[in-house]
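**Q** Sharing a structure here in structure tokens format.
The values are calculated or read from the model by the stated rules, or taken from the named source; none is laboratory data. Everything quoted here is computed from the prediction, not taken from an experiment. Counting neighbours? That spans all protein chains shown, and the Cβs are built from the backbone with ideal geometry, glycine included.
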Amino acid sequence: MQTQPQMRIELEPLAARVALHPFLAGMNRTHLRLLTDCAMAAQFKPGQTILREGDFANRFYLIETGRVVLESDAAIDDPVLLETIGAGDLLGWSWIFPPYVWHFTARAIEPTTALFFYGTILREYCEKDHSLGYELFKRMSMVMTKRLQAARKQMLRLHVDAPTSEPDGASIGRQRAIAI
């Protein structure tokens, strides 16, 4: 049985869903029409991988309901949890920057609905209408900064907690300096 908010979202016309998403608040009607033109509805089950680090980035999502974890699996055995995102959030900014490769893995941790946008088509629209590209870039850069800061904090936590081969005093002093 679906929850009431999710059923309501699925019944809304796509154009209304695009226009009402918080990430796009304040965008003009022309830009919203272009975004709607390359959008479709998406649903994910708990545990389903949405984006995989290192894969080709050709899309992005605006989360409507549910929660998604962002992880990094680069050069380690266990993925590192970077952040959990949910309704109102953007998922995926790598589609707009060459070499168009995902920097994180994203996995649904509960049933999730989202708006899916074809990034390759949208990049063409942005080339033709630079004001659209600028609007998206401004919004995505805020998300990028937040995500990179979350990744930085997590790396610092892992580094401070990691065992070292230095004498206890040197290691503690270095860890305190990093944590500041």
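**Q** Residue by residue through segment 115-142, note down the ones that are surrounded by 15 or more Cβ atoms within 10 Å (Cβ to Cβ) and without any contact (Cβ under 8 Å) to a residue 60 or more places away in the chain.
**A** R123, C126, G133, L136, F137, M140 - these are the residues of segment 115-142 that are surrounded by 15 or more Cβ atoms within 10 Å (Cβ to Cβ) and without any contact (Cβ under 8 Å) to a residue 60 or more places away in the chain.
**Q** Hey, another quick one. When you go through (1) part of a loop (DSSP other than H, G, I, E, B); (2) of a type in the set (G, A, S); (3) within 21 Å of R139 (Cβ to Cβ) one by one for G47, which number turns out not to apply?
**A** Answer for G47: the failing condition is (3).
**Q** Continuing with the same structure: Pairs under 6 Å by beta carbon, first residue touching a residue at least 60 places away in the same chain (Cβ under 8 Å) and exposed (fewer than 13 other Cβ atoms within 10 Å of the Cβ) in segment 38-49, partner part of a strand (DSSP E or B) and not hydroxyl-bearing (S, T, Y), six or more apart or different chains?
**A** Matching pairs, first to second residue: M40/F116; P46/A108.
**Q** Kindly indicate the residue of segment 147-162 that is touching a strand residue (DSSP E or B) at 6+ places or on another chain (Cβ under 8 Å) and of a type outside the set (A, V, I, L, M, F, W, C) and also surrounded by the most Cβ atoms within 10 Å (Cβ to Cβ) among those meeting that condition.
**A** Among them, the one singled out is R147.
**Q** Within the set of pairs 6 or more residues apart or between chains, which connect a residue that is part of a helix (DSSP H, G or I) and of a type in the set (K, R) inside segment 1-26 to a residue that is surrounded by 12 or more Cβ atoms within 10 Å (Cβ to Cβ) and modelled with pLDDT under 95 with Cβ atoms less than 8 Å apart?
**A** Correct list of pairs: R17/I9.
**Q** Right, another one. How many of the residues making up segment 53-85 are surrounded by 15 or more Cβ atoms within 10 Å (Cβ to Cβ) and out of contact with any Pro (no Cβ under 8 Å at 6 or more places or on another chain)? Don't jump to the end; show me each part of the working.
**A** From segment 53-85, those surrounded by 15 or more Cβ atoms within 10 Å (Cβ to Cβ) are 53, 57-72, 79-80, 82-83, 85; that's our starting set.
Keeping just the survivors that are out of contact with any Pro (no Cβ under 8 Å at 6 or more places or on another chain) gives 53, 57-64, 67-70, 79-80, 82-83, 85.
So the count comes out to 18.
**Q** Also: Would you pick out the residues in segment 76-96 that are modelled with pLDDT of 90 or more and part of a loop (DSSP other than H, G, I, E, B)?
**A** Answer for segment 76-96, where residues must be modelled with pLDDT of 90 or more and part of a loop (DSSP other than H, G, I, E, B): A87, G88, D89, G92.
**Q** Counting only residues that are acidic (D, E) and more than 9 Å from the chain's Cα centre (by Cα), which one in segment 79-120 is nearest to L158 (Cα to Cα)? It would help to see each step written out before you state the result.
**A** In the first step, residues of segment 79-120 are kept if they are acidic (D, E); the result is 83, 89, 110.
Restricting the remaining residues to those that are more than 9 Å from the chain's Cα centre (by Cα) gives 83, 110.
On the way: E83: 14, E110: 26 Å.
This residue is E83.
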